[in-house]
Amino acid sequence: MTDIQSKATELNRLHADTELLTVVNVWDVITAKTVSGVEGTKALATASHSIAASLGYEDGENIPVDLMIEVVGRIAASTDLPVSADLEAGYGDPGETVRKAIGVGIVGANLEDQMKPLSEAVAAVEAALKAGQAEGIDFALNARTDAFLKAGDRPHGDVLADAIARGKAFLDAGAPVVFVPGKVSESDVEAFVAAWGPQKLNLIGAPGSVPLARLQELGVARVSYGPMSQSVALMALQDLVVDIESGGALPDNFRAMN
């Protein structure tokens, strides 16, 4: 088994394990090395929003796809851990984008449905998985539905039912897990797990989210943090600037990180 095959297998195993997988998203080599160096870190995930922002692009596939692939490849090369990349909606060609990502060492990915017609979204999932098969790995596709993010003023019950139906279609197409970002309640989690089974649901952590220990009890596979990890880092930098400008100094707990 090749290194990339073993990393793909491990990422799928981590999703299927009853222990909740937590991943603090990274956006460049130094953040990848910092996060992977923390004891207990089992896998890395990139955040497309954070990568785009760090290079001066707006989120939403505005960054050139080859530049995104270059960045996630550098991240994958910087660690021995399996790396999942946020590939947005596939940049117009999900299969080819996944193929390129695998070529630089990526073994899993988020793929947004953007609430496109379900047949189109399922076809994107199938194309991504087919690319993994063609490259000889069990690609850990995290099929994302934006039902909650794009709920608007729709009744909550309708949004939940839509998310469940779309997630089931992605699972039926072969996706190992489904990502539902947005504000999700404990009862929503229970509904997803009841519909899909345990270790199929991935969520994003945010202020006020269901506690991690409870999510593990409920059978959630993974929790990631998207661009919020970058926001935390930038807040710390901003706070330092405020302190320095007011005559302060480096914090007492300062330590060199590179």
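The values are calculated or read from the model by the stated rules, or taken from the named source; none is laboratory data. Note that the structure is predicted; figures quoted are calculated from it, not measured. Note: ideal-geometry Cβ built from the backbone for every residue, glycine included; neighbour counts use all protein chains shown.
Computed values, structure above
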item	result
Any hit, the stretch 110-123, residues being touching a Ser or Thr at 6+ places or on another chain (Cβ under 9 Å), assigned to a strand (DSSP E or B) and of a type in the set (D, E, K, R)	yes
Filter result for residue 126 (among the acidic types (Asp, Glu), assigned to a helix (DSSP H, G or I), closer than 12 Å to residue 170 by Cβ and modelled with pLDDT of 95 or more)	yes
Which listed residue is surrounded by 22 or more Cβ atoms within 10 Å (Cβ to Cβ) and in a helix (DSSP H, G or I), from 106, 75	75
Residue match in the stretch 208-216 (condition: among the basic types (Lys, Arg) and either closer than 16 Å to residue 164 by Cβ or outside any helix (DSSP H, G or I) (or both))	no
The stretch 169-210, subset aromatic (Phe, Trp, Tyr) and without any contact (Cβ under 8 Å) to a residue 40 or more places away in the chain, residue surrounded by the most Cβ atoms within 10 Å (Cβ to Cβ)	192
Close pairs from the stretch 211-226: first surrounded by fewer than 23 Cβ atoms within 10 Å (Cβ to Cβ), partner part of a helix (DSSP H, G or I) and modelled with pLDDT of 95 or more, Cβ under 6 Å, at least 6 apart	218/189; 218/193; 219/193
Subset of the stretch 130-168 (residues that are buried (at least 18 other Cβ atoms within 10 Å of the Cβ) and within 18 Å of residue 199 (Cβ to Cβ))	139, 140, 141, 142, 143, 144, 145, 163, 164, 167
Yes/no for residue 52 being assigned to a helix (DSSP H, G or I) and within 16 Å of residue 226 (Cβ to Cβ)	yes
Odd one out for residue 193 among (1) farther than 23 Å from residue 150 by Cβ; (2) in a helix (DSSP H, G or I); (3) touching a strand residue (DSSP E or B) at 6+ places or on another chain (Cβ under 9 Å)	(1)
Residue satisfying all of: in the stretch 85-103; of a type in the set (Asp, Glu) and in a loop (DSSP other than H, G, I, E, B); nearest to the chain's Cα centre (by Cα) among these	88
Test: residue in the stretch 137-158 that is acidic (Asp, Glu), under 20 Å from the mean Cα position of the chain (by Cα) and in a loop (DSSP other than H, G, I, E, B)	yes
Within the stretch 37-62, considering residues that are surrounded by fewer than 22 Cβ atoms within 10 Å (Cβ to Cβ) and hydrophobic (A, V, I, L, M, F, W, C), the one nearest to the chain's Cα centre (by Cα)	53
